[in-house]
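These notes are about the structure you will find just below.
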Amino acid sequence: MSHQSEKQETWGPYPLILAGAAVGVLVTFVVNPRWGGFVLGAVIMIAAALRFAGYGGQLALRSRKIDVITLSVFGFVLVLTSLLLYNNELKALILSLFAP
């Protein structure tokens, strides 16, 4: 006899995030590393927003708070790094914020 109370494994938005990451890597290699990093960072921030909204599935590894903070920070750093990749003016502006 099989038990109907067994927990079903749900994927949630994981395939969407995985497809977006694959597109980001493809853009990095084919088009431009700057745009590929931007796409990857945006996809990671979308994953953070989906995790915050309660869509877990395979994205839920730790508690919701830790997942959202980790994904948001990593996505923001990736987007910021991709924007700074070839932009010396923006790089100088950000560095001037930390200058004494």
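The values are calculated or read from the model by the stated rules, or taken from the named source; none is laboratory data. What you see is a predicted model, and the numbers here were worked out from it, not measured in a lab. Glycine also receives a Cβ, built like all others from the backbone with ideal geometry; neighbour counts cover every protein chain displayed.
When we screen V25, V43, V30, V73 for residues that are within 28 Å of Y86 (Cβ to Cβ), modelled with pLDDT of 90 or more, buried (at least 17 other Cβ atoms within 10 Å of the Cβ) and not aromatic (F, W, Y), the only hit is V43.
Against the list (1) over 22 Å from T10 (Cα atoms); (2) crowded, with 18+ Cβ neighbours inside 10 Å; (3) free of Cβ contacts under 8 Å to residues at least 24 places away in the same chain, the condition S82 fails is (3).
The set of residues in segment 63-100 being part of a helix (DSSP H, G or I) and touching a Lys or Arg at 6+ places or on another chain (Cβ under 7 Å) consists of R64, D67, V68, L71, S82, L84. Within segment 50-62, the set of residues being modelled with pLDDT of 85 or more and either more than 11 Å from P13 (Cα to Cα) or assigned to a loop (DSSP other than H, G, I, E, B) (or both) comprises F52, A53.
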